[in-house]
Amino acid sequence: MTQPSWLKNAVVYEVYPQTFLDTNGDGIGDLPGVIRKLDYIKSLNANAIWLNPCFVSPFQDAGYDVADYCKVAPRYGTNDDLKRLFDEAHRREMHVILDLVPGHTSLQHPWFLESQKGKDNPYGNFYIWTNGWGEKKGSYRFISGYGNRDGCFMINFFYCQPALNYGFAPADPEYPWQFPVDHPEVLKVREAMRNVMKFWLDMGCDGFRVDMAASLIRGENAAAGIRELWHDYRNWLDREYPEAVLISEWCNPSDAVDAGFHVDFMAHCGESGYTKLFRAEPERISNSPFAGGHSYFDLAGKGDAMPFLRQFQRHLKHLGNRGYVGLITGNHDIGRFRGGRTLEEMKPAMAFMLLLPGIPFIYAGDEIGMDNVFGLGNKEGSYNRSACRTPMQWDASGHAGFSSALPEKFYLPLDPSPLRPDAATQDQDPDSLLNFVRKLLKLRAICPAAGNDGDFRVLFGEENVYPVIYGRTAGDSWLMVAVNPGGESVKASFGLPGLRQYRVLSASPGVKLTAAEGAAEMEMPPASYAVYIR
Ligand code: GLC
Ligand code: CA
């Protein structure tokens with residue numbers, strides 16, 4: 001298996017198109033807006049964009065309900081605009097990753113419009129239908145009473161997201177509507193999705209973030225089935241598009257890379273560790289079963305970073321050089337990274353996250369510390385996710401530089417806080433969070449130990465203890481990151497063999513490191529961090 005050569009240095013910026021930048025005054029962000037901000041994204045030292053779904057859709061799940069996989073939604077622009085985005089990104093040595101939603105379509109997709117008419121049409125088996133509306137369904141989620149077809153269709157997420165038919169491993173004879181994964185009808189779906197990928201790759205797209213990637217196949221041996229499916233796609237990509245990346249929303253990097261992905265996220269939807277770092281408090285929207293208790297990055301100082309560190313190290317060891325852990329500051333589904341912290345408290349959190357091995361993903365707005373906006377209700381199936389989907393704050397003006405539309409026409413309202421951060425103001429301030437993020441990401445680019453591949457070791461870390469200190473090396477290059485997010489001053493003694501000279505790249509005032517023969521001692525004031533390099 002091959003790896004796209006650019007992944008070694010990839011730093012990804014997630015763009016939620018509807019609230020990024022509106023260039024035609026309709027209150028909705030658009031592709032020309034993304035193009036206009038490519039230089040800004042590049043200025044962060046990010047070199048790739050993950051663009052959330054921008055395709056024709058009835059927008060009952062904000063675009064994760066696709067009606068035409070091969071056509072840009074008019075509200076975002078045209079296919080030509082997307083092609084221009086690919087070209088403009090490539091001119092800047094950047095990459096564009098599209099969001100592929102292979103598991104389900106909207107109710108408006110022509111495949112579904114045909115399928116719901118009845119069994120006997122070319123798309124009759126594209127979705128998973130029972131043979132009659134009263135038939136046994138097992139524990140799966142089905143919708144009954146929709147359309148003319150006498151049967152119920154299986155769904156993936158919302159009621160309006162009918163599941164495409166990738167088959168069952170194995171098909172259970174008790175449920176005659178289940179097809180095996182190698183059934184010719186099922187293979188048609190697989191090919192249709194391959195053609196979608198081919199369409200965009202041929203236009204210049206650099207790969208896909210794959211929505212709900214682990215759940216396309218069901219049944220007792222689903223895991224083996226899903227591995228076979230993604231290996232099939234990956235082998236094809238390796239042959240035909242070796243520079244294209246496959247990133248999964250699986251939330252288990254070891255399993256996802258074993259299944260053929262290049263990158264998978266540690267995130268809210270997987271094991272407990274990630275949530276416990278930043279989003280354990282129940283009032284911060286987390287959409288995670290592990291919310292509750294205390295975050296490690298909290299002044300209360302009652303959190304635990306070890307679950308994350310143990311899980312992270314286990315994945316690193318399992319992956320070797322076969323794939324990457326994707327490390328998200330946040331995304332469009334979970335509470336903002338900021339989560340009520342002050343901008344100064346964000347620096348330890350950013351230093352910790354952005355210097356880990358793997359591939360960083362910065363959710364647009366996190367680099368300036370945009371916060372959750374609660375109480376916005378539902379927008380296109382967002383529900384509590386509205387809090388993290390508000391318009392990007394570009395400048396200090398009334399419209400925040402997002403759009404010239406009347407504010408009531410904005411896709412979602414701006415953060416009403418008089419203290420809301422913005423990119424233009426922070427750009428001018430050398431000590432801003434924005435410039436801090438730039439500096440950390442620049443370090444990734446110039447210091448091998450800080451890169452995606454360098455090795456990783458916990459130098460000081462214990463259950464429920466502050467601080468956490470980690471080290472990284474690559475050849476001669478060395479890096480150490482220490483964070484004390486808690487509200488108390490702390491001390492740590494730890495072994496540090498072979499360290500002769502080092503320098504402080506950046507540190508909170510009052511942090512003290514004393515390193516002697518093989519041993520080191522650190523003193524850290526509340527909410528502090530330090531980054532050392534050799
Ligand atoms: C993923 C997306 C989310 C969407 C869901 C259904 O989790 O990130 O936004 O609602 O899949 O497609
Ligand atoms: Ca617009």
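Below, the figures for the structure above:
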read-out: Pick from the range 206-255, criterion more than 16 Å from ligand 1 (Cβ to nearest atom) and of a type in the set (S, T, Y), ranking: most open to solvent (accessible area, probe 1.4 Å); value: Y241
read-out: Residue match in the range 348-364 (condition: of a type outside the set (K, R), more than 19 Å from the chain's Cα centre (by Cα) and over 20 Å from L309 (Cβ atoms)); value: no
read-out: Among residues of the range 381-403, those that are under 16 Å from I28 (Cβ atoms) and open to solvent by 40 Å² or more (accessible area, probe 1.4 Å), counted; value: 1
read-out: Near pairs, Cβ below 6 angstrom, 6+ apart or cross-chain, from the range 322-333 (closer than 8 Å to E14 by Cβ) to any residue that is away from ligand 1 (no atom under 12 Å from the Cβ); value: I328/F361
read-out: Residues that are without any contact (Cβ under 8 Å) to a residue 24 or more places away in the chain and either open to solvent by less than 10 Å² (accessible area, probe 1.4 Å) or of a type outside the set (K, R) (or both), drawn from the range 480-512; value: P497, G498, P509, G510
read-out: Tally, over the range 17-62, of residues that are in a helix (DSSP H, G or I) and within 16 Å of ligand 1 (Cβ to nearest atom); value: 3
read-out: Enumeration of residues in the range 1-57 that are in contact with a Lys or Arg (Cβ under 7 Å, 6 or more places away or on another chain), β-branched (V, I, T), farther than 13 Å from V96 by Cα and in contact (Cβ under 8 Å) with a residue 60 or more places away in the chain; value: T19, I28
read-out: The range 393-415 - residue that is part of a loop (DSSP other than H, G, I, E, B) and over 26 Å from the mean Cα position of the chain (by Cα) and, of those, nearest to M350 (Cα to Cα); value: A396
read-out: Residue check for D80: closer than 21 Å to M203 by Cα and more than 21 Å from the chain's Cα centre (by Cα); value: yes
read-out: Evaluation of A46 against (1) touching a Gly at 6+ places or on another chain (Cβ under 9 Å); (2) open to solvent by less than 10 Å² (accessible area, probe 1.4 Å) (one fails), failing number; value: (1)
read-out: Residue tally, condition open to solvent by 10 Å² or more (accessible area, probe 1.4 Å) and of a type outside the set (K, R), over the range 332-363; value: 6
read-out: Residue tally, condition closer than 27 Å to R279 by Cβ and of a type in the set (A, V, I, L, M, F, W, C), over the range 443-501; value: 16
read-out: Among the candidates Y175, Y166, Y140, residue that is buried (at least 22 other Cβ atoms within 10 Å of the Cβ) and modelled with pLDDT of 95 or more; value: Y166
read-out: Scan of the range 84-135 for residues that are part of a strand (DSSP E or B) and closer than 26 Å to P58 by Cα, ordered by number; value: V96, I97, L98, D99, L100, H104, Y127, W129
read-out: Qualifying positions in the range 150-163 - in a loop (DSSP other than H, G, I, E, B), surrounded by 18 or more Cβ atoms within 10 Å (Cβ to Cβ) and more than 12 Å from ligand 1 (Cβ to nearest atom); value: G151, C152
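To keep it simple, each residue is scored yes or no on (1) outside any loop (DSSP other than H, G, I, E, B); (2) in contact (Cβ under 8 Å) with a residue 40 or more places away in the chain; (3) in the same structural domain as Y241 (by TED's automatic domain parsing).
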residue	(1), (2), (3)
A256	yes, yes, yes
F265	yes, yes, yes
T275	yes, no, yes
P289	no, no, yes
G292	no, no, yes
Y296	no, yes, yes
G301	no, yes, yes
D304	no, yes, yes
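The values are calculated or read from the model by the stated rules, or taken from the named source; none is laboratory data. Not measured: the values here are computed from a predicted model. Backbone-built Cβ (ideal geometry, glycine too); neighbour counts: all protein chains shown. What goes into the accessible areas is simple: the full protein's heavy atoms, side chains included, and nothing from ligands, DNA or RNA. Shrake-Rupley method; radii C 1.70, N 1.55, O 1.52, S 1.80 Å.
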